[in-house]
1. Across region 55-83, which residue is nearest to the chain's Cα centre (by Cα) among those that are among the hydrophobic types (A, V, I, L, M, F, W, C) and at pLDDT below 85?
2. Could you grab me the full set of residues in region 20-48 that are crowded, with 18+ Cβ neighbours inside 10 Å and not hydroxyl-bearing (Ser, Thr, Tyr)?
3. Quick check on region 115-140: of everything there that is in a helix (DSSP H, G or I) and of a type in the set (S, T, N, Q), which residue is nearest to the chain's Cα centre (by Cα)?
4. How many of the residues making up region 8-39 are over 25 Å from VAL99 (Cβ atoms) and among the hydroxyl-bearing types (Ser, Thr, Tyr)?
5. Give me a count of the residues in region 28-54 that are in a helix (DSSP H, G or I) and within 14 Å of the chain's Cα centre (by Cα).
6. Given the criteria within 15 Å of LEU63 (Cβ to Cβ) and either buried (at least 23 other Cβ atoms within 10 Å of the Cβ) or not charged (D, E, K, R) (or both), does ILE81 qualify?
7. Enumerate the pairs (first residue in region 154-165 and assigned to a helix (DSSP H, G or I); second residue anywhere and crowded, with 18+ Cβ neighbours inside 10 Å and of a type in the set (Phe, Trp, Tyr)) with beta-carbon separation below 6 Å, excluding pairs fewer than 6 apart on the same chain, so at least 6 apart or on different chains.
8. If I filter region 80-87 for residues that are assigned to a helix (DSSP H, G or I) and among the polar types (S, T, N, Q), do I get at least one hit?
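The values are calculated or read from the model by the stated rules, or taken from the named source; none is laboratory data. Treat the numbers as computed from the prediction; the structure is a model and nothing was measured. Note that we place each Cβ from the backbone using ideal geometry, even for glycine, and neighbour counts take in every protein chain shown.
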Amino acid sequence: MHISEGVLSAPVLVTGAALAAGGVALGLKKMDYEKIPEVAVLSSAFFVASLIHIPMGPSSVHLVLNGLVGVLLGWMAFPAILVALTLQALLFQFGGFTVLGVNTFNMAVPAVLSYYLFSHLIRSENHSASVAAGFLAGVLGAGGGSLLIAVSLVSTGEEFLNVAKLVLFSHLPVLVIEGIITAFCVIFLKKVKPEILG
């Protein structure tokens, strides 16, 4: 779900960079020393999940796991996702440096929303509610990211409307896969390391 270099207009790039910078600053402020290893592991998971991608016009289709990153990290998802996207741009030329702010914002905002909407249900004693919340967090993470990519493209120009629709529809199977993976991760963490869920 990266937007490639040279696609977005300058106002969209500047707005995305400013919003991402604010989110990263807030995430760093909330990050204490004990959380750094957890943030690093989840940044790595995001990095690896995004490596296998299928190009789709000026974007790509792949797993992101930002819903899982969000429910575990909250606002700290911003710096975790920024680091992963920076390394992907540097090592594999996925996305790029001029679109780094927009790509970070597009992936991190649904992650933070997943935290606020589903983390309390994931921590509940009700097993079914935890699984359902994990699934929905995965769906929201991937779906919200693809929706924000579509909005970024359309904000650049009406000529990207068809591409934006393609991005949305091509991610529908990914939503289900993300939801299932996130739900399984939640089940696993509740059994093995429940304290990580807060």
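1. LEU63
2. Answer for region 20-48, where residues must be crowded, with 18+ Cβ neighbours inside 10 Å and not hydroxyl-bearing (Ser, Thr, Tyr): ALA20, GLY23, VAL24, GLY27, MET31, VAL39, LEU42, ALA45, PHE46, PHE47.
3. SER119
4. Of the residues in that region, 1 qualify.
5. Qualifying residue count, region 28-54: 9.
6. yes
7. Every condition considered, the pairs that remain are VAL154/PHE160.
8. yes
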